[in-house]
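Reading through the structure tokens given below for one structure.
The values are calculated or read from the model by the stated rules, or taken from the named source; none is laboratory data. Since this is a predicted model, take the numbers as computed values, not measurements. FYI the Cβ positions are ideal-geometry reconstructions off the backbone, even for glycines, and counts take in every protein chain you see. All accessible areas refer to the heavy atoms of the entire protein, side chains included, with ligands and DNA or RNA removed. Shrake-Rupley method; radii C 1.70, N 1.55, O 1.52, S 1.80 Å.
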Amino acid sequence: FALEPLSNLDASLRVQMRIELSRLHQELKTTMIYVTHDQVEAMTLGQRIAVFNAGRIEQVGAPLALYENPGNLFVAGFLGTPKMNLLTAQVIGISAHSVIVRVADGSELAVEVDGQSLRIADQVTVGCRAEHVLLPRADSVPGNTLSLKVNFIEHLGDASIVYANLDKELSTLAVKLTSDAVSMNTGSIIKVQLPAGRCHLFDLHGKACVRFTLA
């Protein structure tokens, strides 16, 4: 049983210790319980993760299963760096294979989820991870496009994270791109696409709708 064992180590030592703990786990072939607030540690060391919120288990599963298919808004916002982009929206259409929503600036987005539990005019939340947000290309399928105003660019070397705002939307969206794809400046207006199969949808109570396209 380990409780925040790496909390006082610097970044380099944390990486070394994660590798060592993982090696020991494989070598000892025994069950280990590891408690951490560090998402990287949870994702890299855990075979199964239990996400707690105020003492209650929100979701249990394999790291990638929770990351790709969070069961509710808390898990969606908790796992991932940067955290999942979340936009408030209203349901304006429901079909057999998708739900159409309208976000704050009037843009319409299709989300490939089972919407049978939803109704027209319901308030919902659309989610999309930073690495799944795309810059449209000439051959891109039209639709699911938003216009954003860039307010900060974080250069990480191999990648850059662009933070931008949707008109009338208080929350900031993060877009993760390869560094050579970033050719914009603070204040620029950019267009991005949120692929329907990569988006998540959460109802008024924060429960995730079942996705048809699983990553």
Matching residues in the range 137-164 - criterion: being at pLDDT 90 or above and either in a loop (DSSP other than H, G, I, E, B) or of a type in the set (V, I, T) (or both): N144, T145, V150, I153, I161, V162
Residues satisfying the stated conditions in the range 83-116, i.e. in a strand (DSSP E or B), of a type in the set (G, A, S) and without any contact (Cβ under 8 Å) to a residue 60 or more places away in the chain: A89, G93
Complete set of residues in the range 165-204 that are of a type in the set (S, T, Y) and assigned to a loop (DSSP other than H, G, I, E, B): S171, S183, T186, S188
From G46, G55, G80, residue being at positive phi and either of a type in the set (A, V, I, L, M) or over 17 Å from the mean Cα position of the chain (by Cα) (or both): G55
Qualifying helices (runs of 4 or more DSSP H) (wholly inside the range 1-72; at least 1 residues being open to solvent by 50 Å² or more (accessible area, probe 1.4 Å), at pLDDT 85 or above and farther than 19 Å from M84 by Cα): 11-28
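Check the range 166-176 and report whether any residue there is in contact with a Phe, Trp or Tyr (Cβ under 9 Å, 6 or more places away or on another chain) and either over 13 Å from L87 (Cα atoms) or basic (K, R) (or both). Walk me through it before giving the result.
As a first pass, look at the range 166-176 and keep what is in contact with a Phe, Trp or Tyr (Cβ under 9 Å, 6 or more places away or on another chain): 172-175.
Filter once more, so that each one left must be either over 13 Å from L87 (Cα atoms) or basic (K, R) (or both): 175.
Within the range 166-176, one or more residues are in contact with a Phe, Trp or Tyr (Cβ under 9 Å, 6 or more places away or on another chain) and either over 13 Å from L87 (Cα atoms) or basic (K, R) (or both).
Which one of S183, S179, S160 is more than 23 Å from P70 (Cβ to Cβ), surrounded by 14 or more Cβ atoms within 10 Å (Cβ to Cβ) and without any contact (Cβ under 8 Å) to a residue 40 or more places away in the chain? Steps first, please.
Working: S183 fails: surrounded by 14 or more Cβ atoms within 10 Å (Cβ to Cβ); S179 fails: surrounded by 14 or more Cβ atoms within 10 Å (Cβ to Cβ).
None of the others qualify; the one that does is S160.
What are the residues in the range 119-157 that are free of Cβ contacts under 8 Å to residues at least 12 places away in the same chain and small (G, A, S), if any? Quick ask: steps written out before the conclusion?
The initial filter retains those residues of the range 119-157 that are free of Cβ contacts under 8 Å to residues at least 12 places away in the same chain, namely 137-139, 141-142, 154.
Correct list: A138 only.
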Filter result for the condition that a residue is over 30 Å from I49 (Cα atoms), open to solvent by 20 Å² or more (accessible area, probe 1.4 Å) and either at pLDDT 95 or above or more than 16 Å from the chain's Cα centre (by Cα) (or both), over D122, D114: D122
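Tally up the residues in the range 122-136 that are in a loop (DSSP other than H, G, I, E, B) and either in contact with a Phe, Trp or Tyr (Cβ under 8 Å, 6 or more places away or on another chain) or closer than 23 Å to S147 by Cα (or both), please.
First pass over the range 122-136, keeping only residues in a loop (DSSP other than H, G, I, E, B): 122, 129, 133, 135-136.
Subset that is either in contact with a Phe, Trp or Tyr (Cβ under 8 Å, 6 or more places away or on another chain) or closer than 23 Å to S147 by Cα (or both): 129, 133, 135-136.
Result for the range 122-136: 4.
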